[in-house]
Amino acid sequence: MRLIPPVLIAVLLLAGCSPMLPERRPTTAYPTPFPSTEAPLVGALIDQPIGGGTRAAVIRESAELTQCMAQLTAARVTFRPVPDKGDPQGCGLVSGGVLGPDMGTVARMTPGDVEMTCRAALAVSVWRRQSLEPAAREILGSDVVQIDHMGAYACRNINTGGASNRISAHAQAAALDFGGVRLRDGRRISVRDGWSGGDEPTQRFLRRIRDDACRIFGTTLSPDYNAVHHDHLHLEATETRFCR
(Lines give C-alpha, C1' and ligand atoms only; values in the text may rest on other atoms or scores of the structure.)
Protein backbone atom coordinates (compact mmCIF):
# COMPACT_ATOMS: atom_id res chain seq x y z
CA MET A 1 0.00 0.00 0.00
CA ARG A 2 1.37 3.35 -1.08
CA LEU A 3 1.57 5.90 1.73
CA ILE A 4 0.63 9.57 1.19
CA PRO A 5 3.24 11.96 2.57
CA PRO A 6 2.07 13.88 5.72
CA VAL A 7 2.79 17.26 4.07
CA LEU A 8 0.44 16.47 1.17
CA ILE A 9 -2.28 15.38 3.61
CA ALA A 10 -2.04 18.75 5.42
CA VAL A 11 -2.33 20.68 2.16
CA LEU A 12 -5.42 18.72 1.13
CA LEU A 13 -7.07 19.30 4.51
CA LEU A 14 -6.49 23.09 4.33
CA ALA A 15 -7.87 23.25 0.81
CA GLY A 16 -11.07 21.57 1.94
CA CYS A 17 -11.62 24.13 4.72
CA SER A 18 -10.94 27.29 2.69
CA PRO A 19 -12.84 28.34 -0.46
CA MET A 20 -10.49 28.58 -3.40
CA LEU A 21 -12.73 30.83 -5.50
CA PRO A 22 -15.54 33.22 -4.53
CA GLU A 23 -19.04 31.94 -5.14
CA ARG A 24 -20.65 33.41 -8.27
CA ARG A 25 -24.05 34.81 -7.43
CA PRO A 26 -26.75 35.06 -10.05
CA THR A 27 -27.04 38.50 -11.60
CA THR A 28 -30.28 40.31 -10.78
CA ALA A 29 -32.10 41.47 -13.90
CA TYR A 30 -33.64 44.89 -13.27
CA PRO A 31 -36.62 45.86 -15.40
CA THR A 32 -36.06 48.54 -18.00
CA PRO A 33 -37.96 51.74 -17.10
CA PHE A 34 -40.95 52.47 -19.29
CA PRO A 35 -40.22 55.25 -21.75
CA SER A 36 -41.70 58.61 -20.72
CA THR A 37 -44.29 59.99 -23.10
CA GLU A 38 -44.33 63.44 -21.49
CA ALA A 39 -41.51 65.63 -20.22
CA PRO A 40 -41.71 66.26 -16.46
CA LEU A 41 -43.29 69.58 -15.61
CA VAL A 42 -41.33 70.26 -12.43
CA GLY A 43 -38.80 72.97 -13.19
CA ALA A 44 -40.07 73.35 -16.75
CA LEU A 45 -43.29 75.36 -16.66
CA ILE A 46 -41.73 78.77 -15.99
CA ASP A 47 -39.29 78.25 -18.87
CA GLN A 48 -41.81 76.93 -21.38
CA PRO A 49 -43.20 79.26 -24.09
CA ILE A 50 -46.76 80.42 -23.55
CA GLY A 51 -49.28 78.22 -25.33
CA GLY A 52 -52.88 77.18 -25.30
CA GLY A 53 -52.36 75.01 -22.24
CA THR A 54 -50.34 77.42 -20.11
CA ARG A 55 -53.22 78.66 -17.98
CA ALA A 56 -54.40 75.10 -17.26
CA ALA A 57 -50.80 74.10 -16.40
CA VAL A 58 -50.51 76.97 -13.91
CA ILE A 59 -53.72 75.84 -12.20
CA ARG A 60 -52.63 72.19 -12.20
CA GLU A 61 -49.11 72.81 -10.94
CA SER A 62 -50.30 75.12 -8.15
CA ALA A 63 -53.05 72.83 -6.85
CA GLU A 64 -50.80 71.85 -3.91
CA LEU A 65 -48.44 74.27 -2.17
CA THR A 66 -45.50 71.84 -2.21
CA GLN A 67 -45.96 71.17 -5.91
CA CYS A 68 -46.17 74.89 -6.66
CA MET A 69 -43.07 75.63 -4.61
CA ALA A 70 -41.19 72.87 -6.45
CA GLN A 71 -41.85 74.69 -9.73
CA LEU A 72 -40.62 78.00 -8.32
CA THR A 73 -37.56 76.53 -6.63
CA ALA A 74 -36.48 74.59 -9.72
CA ALA A 75 -36.66 77.82 -11.74
CA ARG A 76 -34.64 79.74 -9.10
CA VAL A 77 -37.57 81.94 -8.08
CA THR A 78 -37.41 82.95 -4.42
CA PHE A 79 -40.62 82.16 -2.55
CA ARG A 80 -40.98 81.92 1.22
CA PRO A 81 -44.20 80.23 2.43
CA VAL A 82 -46.18 81.73 5.28
CA PRO A 83 -48.87 80.16 7.51
CA ASP A 84 -52.46 80.40 6.31
CA LYS A 85 -54.33 83.31 7.84
CA GLY A 86 -57.74 84.89 7.71
CA ASP A 87 -60.95 83.61 6.18
CA PRO A 88 -60.71 81.69 2.89
CA GLN A 89 -64.08 83.20 1.90
CA GLY A 90 -63.09 86.72 2.92
CA CYS A 91 -59.83 88.49 3.59
CA GLY A 92 -56.82 86.28 4.13
CA LEU A 93 -54.10 84.21 2.53
CA VAL A 94 -54.17 80.46 1.92
CA SER A 95 -51.33 78.48 0.29
CA GLY A 96 -49.31 81.64 -0.01
CA GLY A 97 -46.04 83.26 0.84
CA VAL A 98 -43.65 86.05 -0.03
CA LEU A 99 -42.42 86.31 -3.62
CA GLY A 100 -38.82 87.48 -3.66
CA PRO A 101 -36.25 87.92 -6.44
CA ASP A 102 -36.24 85.76 -9.55
CA MET A 103 -32.60 84.69 -9.66
CA GLY A 104 -32.98 83.58 -13.27
CA THR A 105 -33.38 87.17 -14.50
CA VAL A 106 -31.92 90.59 -13.72
CA ALA A 107 -35.22 92.49 -13.35
CA ARG A 108 -36.43 93.12 -9.81
CA MET A 109 -39.94 93.86 -8.63
CA THR A 110 -40.56 97.17 -6.87
CA PRO A 111 -41.67 97.04 -4.13
CA GLY A 112 -39.93 93.73 -3.43
CA ASP A 113 -41.03 90.80 -1.28
CA VAL A 114 -44.68 90.68 -2.34
CA GLU A 115 -47.13 88.58 -0.33
CA MET A 116 -49.40 86.53 -2.59
CA THR A 117 -50.73 83.06 -3.23
CA CYS A 118 -48.28 80.55 -4.65
CA ARG A 119 -50.50 80.26 -7.73
CA ALA A 120 -50.17 84.00 -8.32
CA ALA A 121 -46.40 83.78 -7.84
CA LEU A 122 -46.18 80.98 -10.39
CA ALA A 123 -48.34 82.86 -12.93
CA VAL A 124 -46.37 86.08 -12.48
CA SER A 125 -43.09 84.20 -12.93
CA VAL A 126 -44.26 82.58 -16.18
CA TRP A 127 -45.54 85.94 -17.46
CA ARG A 128 -42.39 87.91 -16.73
CA ARG A 129 -40.02 85.32 -18.21
CA GLN A 130 -42.07 84.35 -21.25
CA SER A 131 -43.77 87.66 -22.07
CA LEU A 132 -42.76 90.82 -20.23
CA GLU A 133 -38.99 90.61 -20.45
CA PRO A 134 -38.61 89.09 -23.96
CA ALA A 135 -41.26 91.49 -25.36
CA ALA A 136 -39.30 94.46 -24.02
CA ARG A 137 -36.14 93.25 -25.75
CA GLU A 138 -37.97 92.53 -29.00
CA ILE A 139 -40.20 95.61 -29.25
CA LEU A 140 -38.43 98.26 -27.16
CA GLY A 141 -34.85 97.14 -27.75
CA SER A 142 -33.79 97.16 -24.09
CA ASP A 143 -33.82 94.85 -21.08
CA VAL A 144 -36.22 95.27 -18.17
CA VAL A 145 -34.37 96.06 -14.94
CA GLN A 146 -37.34 96.94 -12.74
CA ILE A 147 -40.97 95.85 -12.61
CA ASP A 148 -43.24 98.41 -10.95
CA HIS A 149 -46.43 97.23 -9.30
CA MET A 150 -49.10 98.46 -6.89
CA GLY A 151 -49.22 95.41 -4.67
CA ALA A 152 -51.17 92.19 -4.36
CA TYR A 153 -52.93 91.95 -0.99
CA ALA A 154 -55.65 94.43 -0.02
CA CYS A 155 -58.66 93.56 2.13
CA ARG A 156 -61.43 95.13 0.06
CA ASN A 157 -64.26 94.51 -2.39
CA ILE A 158 -63.74 94.76 -6.14
CA ASN A 159 -63.26 98.26 -7.49
CA THR A 160 -65.70 98.94 -10.31
CA GLY A 161 -65.88 102.69 -9.85
CA GLY A 162 -69.08 102.31 -7.83
CA ALA A 163 -70.45 100.38 -4.88
CA SER A 164 -69.85 96.63 -4.87
CA ASN A 165 -70.41 93.82 -2.36
CA ARG A 166 -68.19 91.31 -4.18
CA ILE A 167 -64.90 90.42 -2.54
CA SER A 168 -61.82 91.28 -4.58
CA ALA A 169 -59.15 88.75 -5.51
CA HIS A 170 -56.77 91.18 -3.83
CA ALA A 171 -58.47 90.34 -0.52
CA GLN A 172 -57.01 86.84 -0.91
CA ALA A 173 -53.67 87.98 -2.37
CA ALA A 174 -54.51 86.25 -5.64
CA ALA A 175 -53.93 89.24 -7.94
CA LEU A 176 -51.14 91.69 -8.76
CA ASP A 177 -51.60 95.20 -10.16
CA PHE A 178 -48.83 95.88 -12.69
CA GLY A 179 -47.93 99.51 -13.30
CA GLY A 180 -44.98 99.47 -15.69
CA VAL A 181 -41.28 98.78 -16.19
CA ARG A 182 -37.97 100.57 -16.14
CA LEU A 183 -35.51 99.69 -18.91
CA ARG A 184 -31.75 99.39 -18.86
CA ASP A 185 -31.46 102.37 -21.22
CA GLY A 186 -33.23 104.59 -18.65
CA ARG A 187 -36.73 104.71 -20.13
CA ARG A 188 -39.77 104.18 -17.94
CA ILE A 189 -42.78 102.54 -19.59
CA SER A 190 -46.05 102.89 -17.69
CA VAL A 191 -49.58 101.72 -18.37
CA ARG A 192 -50.91 105.15 -17.36
CA ASP A 193 -48.83 107.15 -19.85
CA GLY A 194 -48.20 104.57 -22.53
CA TRP A 195 -51.48 102.77 -23.15
CA SER A 196 -53.00 105.57 -25.21
CA GLY A 197 -50.36 108.30 -25.13
CA GLY A 198 -47.21 106.34 -25.87
CA ASP A 199 -45.48 105.86 -29.19
CA GLU A 200 -46.30 102.89 -31.41
CA PRO A 201 -43.70 100.49 -29.93
CA THR A 202 -44.80 101.34 -26.38
CA GLN A 203 -48.46 100.73 -27.12
CA ARG A 204 -47.64 97.51 -28.96
CA PHE A 205 -45.51 96.32 -26.03
CA LEU A 206 -48.24 97.00 -23.46
CA ARG A 207 -50.89 95.25 -25.53
CA ARG A 208 -48.61 92.29 -26.18
CA ILE A 209 -48.02 91.67 -22.49
CA ARG A 210 -51.75 92.14 -21.78
CA ASP A 211 -52.69 89.61 -24.44
CA ASP A 212 -50.09 87.13 -23.17
CA ALA A 213 -51.36 87.60 -19.61
CA CYS A 214 -54.80 86.53 -20.78
CA ARG A 215 -53.35 83.10 -21.61
CA ILE A 216 -51.74 82.73 -18.17
CA PHE A 217 -54.05 84.38 -15.64
CA GLY A 218 -57.72 83.70 -15.03
CA THR A 219 -58.72 87.37 -15.22
CA THR A 220 -56.73 90.16 -16.88
CA LEU A 221 -58.05 93.72 -16.86
CA SER A 222 -56.50 96.67 -18.69
CA PRO A 223 -57.46 100.29 -19.47
CA ASP A 224 -59.73 98.81 -22.16
CA TYR A 225 -61.95 97.45 -19.37
CA ASN A 226 -62.83 100.64 -17.47
CA ALA A 227 -61.42 103.90 -16.16
CA VAL A 228 -60.50 102.34 -12.81
CA HIS A 229 -57.77 100.40 -14.64
CA HIS A 230 -56.37 103.36 -16.58
CA ASP A 231 -52.99 103.04 -14.88
CA HIS A 232 -52.44 99.31 -14.41
CA LEU A 233 -53.02 95.75 -15.52
CA HIS A 234 -54.96 93.64 -13.05
CA LEU A 235 -53.44 90.15 -13.16
CA GLU A 236 -55.61 87.66 -11.27
CA ALA A 237 -54.47 84.06 -10.80
CA THR A 238 -57.83 82.39 -10.23
CA GLU A 239 -59.93 79.85 -12.11
CA THR A 240 -62.07 82.60 -13.63
CA ARG A 241 -61.99 83.39 -17.34
CA PHE A 242 -62.14 87.04 -18.36
CA CYS A 243 -59.82 89.16 -20.48
CA ARG A 244 -60.29 92.77 -21.47
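The values are calculated or read from the model by the stated rules, or taken from the named source; none is laboratory data. Just so we're clear, the structure is a prediction, and the values are computed from it rather than from any experiment. All Cβ positions, glycine included, derive from the backbone under ideal geometry; neighbour counts span all protein chains shown. For the accessible areas, the whole protein counts, side chains as well, though only heavy atoms, and no ligand, DNA or RNA atoms are used. Shrake-Rupley method; radii C 1.70, N 1.55, O 1.52, S 1.80 Å.
Taken along the Cα-to-beta-carbon direction at a fixed 7 Å, the label points for ASN159 and GLU138 span 3.1 nm. Extension gain, LYS85 to GLU239: 0.36 nm times the residue separation minus the Cα-Cα distance gives 53.3 nm. Amide H to amide H, with H built 1.01 Å from N, GLY151 comes under 5 Å of ASP177, counting only residues 5 or more places away or on other chains. Converting phi to 3J(HN,Hα) with the Karplus coefficients 6.51, -1.76 and 1.60 and the offset θ = phi - 60°, the stretch 195-212 yields 4, 10, x, x, 6, 4, x, 5, 5, 5, 4, 5, 6, 4, 6, 5, 5, 5 Hz in sequence order, with x at every glycine or proline.
Take every DSSP beta bridge whose two residues both sit in the stretch 104-244; close to 75 percent of them are antiparallel. The phi torsions of the stretch 143-155, fed into the Karplus equation with coefficients 6.51, -1.76 and 1.60 and a -60° offset, translate into couplings of 7, 7, 10, 8, 10, 8, 9, 10, x, 10, 8, 7, 7 Hz, rounded to whole numbers, with Gly and Pro shown as x. When both the stretch 191-244 and the stretch 43-70 are represented by their alpha-carbon centers, they are found 21 Å apart. Here the 3J(HN,Hα) profile of the stretch 96-108, calculated from phi with Karplus coefficients 6.51, -1.76 and 1.60 at θ = phi - 60°, is x, x, 10, 7, x, x, 8, 6, x, 9, 9, 5, 10 Hz, Gly and Pro shown as x. Scanning residues 5 or more positions from PHE79 or on other chains, those with amide H under 5 Å from its amide H are GLY100, with H placed 1.01 Å from N in the peptide plane. Within the shell defined by Cβ-Cβ distances under 15 Å, the residues around ARG182 carry a net charge of +2, with Lys and Arg each +1 and Asp and Glu each -1. Computed with a 1.4 Å probe on the full set of protein chains, the accessible area for ASP113 sits at about 100 Å². Summarised in one figure, the compactness ratio Rg/Rh of the stretch 39-168, Cα atoms and Kirkwood Rh, is 0.99.
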